[in-house]
Amino acid sequence: MIARLWSARTTSGQLPVYLEHLRSRVLPQLQKQEGYRGVSVLDRPLADGIEILVITYWRSIDAIRSFAGADVEKAVVQTDAQVLLTAFDERAKHFVIAFSDVLPSK
């Protein structure tokens, strides 16, 4: 399995709006992608806002390519999401998951 990592920054007021955008607009599109396995969103406060780390999980790099295009490291950020962010990575990073012990959500 491959983890695709991408980060961005936003304000504390825009974070809930971004998360709702992710749930209602992005997630349904991702769930239609062959090889998509899930998403985790992490956030942490910074002096000037909030940093967001989005980790999507994929069966293979080919599955990511079907989502992101030929340049698999190019970030896919919808225009309506860009306005909710103060900054965002233009490139994503990919890691093979060598080991995971994720606890199920309650």
Item to complete: For the chain, with all protein chains present and a 1.4 Å probe, just round the carbon and sulfur fraction of the accessible area to a whole percent.
Response: 55 percent
Discussion item. In Å², and per residue, what accessible area does the chain have when probed at 1.4 Å with the other protein chains present?
Written reply: 65 Å²
Item to complete: Mind checking which of 41, 66, 16 is farthest towards the positive end of the chain's charge dipole, using Cβ charges of +1 (Lys, Arg) and -1 (Asp, Glu) about the Cα centre?
Response: 66
Response to the item:
Once normalised by the length of segment 18-91, the mean sequence separation of its alpha carbon contacts under 8 Å that are 6 or more apart gives a contact order in percent of 25 percent
Item to complete: Count neighbours as other Cβ atoms within 10 Å of each site's Cβ, and list the chymotrypsin sites (Phe, Trp or Tyr not before Pro) in segment 15-106 that are DSSP loop with at most 10 such neighbours.
Response: 99
Worksheet item: Quick one: putting +1 on the C-beta of Lys and Arg, -1 on the C-beta of Asp and Glu, what dipole do you get for the chain around its Cα centre, in Debye to the nearest 20?
Response: 280 debye
Practice prompt. Collect residues whose amide H, placed 1.01 Å from N in the peptide plane, falls under 5 Å from the amide H of residue 75; neighbours closer than 5 in sequence don't count.
Written response: 91, 92
Worksheet item: Mind listing which GluC sites (Glu not before Pro) in segment 11-55 are in a DSSP loop and have 14 or fewer other Cβ atoms within 10 Å?
Response: 34
Worksheet item: Using the alpha carbon gyration tensor of segment 41-106, what are the three equivalent-ellipsoid semi-axes (square root of 5 times each eigenvalue), largest first, in whole Å?
Response: 23, 20, 10
Item to complete: Output ³J(HN,Hα) for segment 68-83: one whole-Hz value per residue in order, computed from phi by the Karplus curve 6.51 cos²θ - 1.76 cosθ + 1.60 with θ = phi - 60°, and x for Gly and Pro.
Response: 8, x, 4, 8, 5, 8, 5, 5, 10, 10, 5, 4, 5, 7, 4, 6
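The values are calculated or read from the model by the stated rules, or taken from the named source; none is laboratory data. Quick caveat, the model's predicted, so the values are computed rather than measured. Note that each Cβ is placed from the backbone with ideal geometry, even for glycine, and that neighbours are counted across all protein chains shown. Just so you know, the surface numbers come from the protein's heavy atoms only, side chains and all, with ligands and any DNA or RNA stripped out. Shrake-Rupley method; radii C 1.70, N 1.55, O 1.52, S 1.80 Å.
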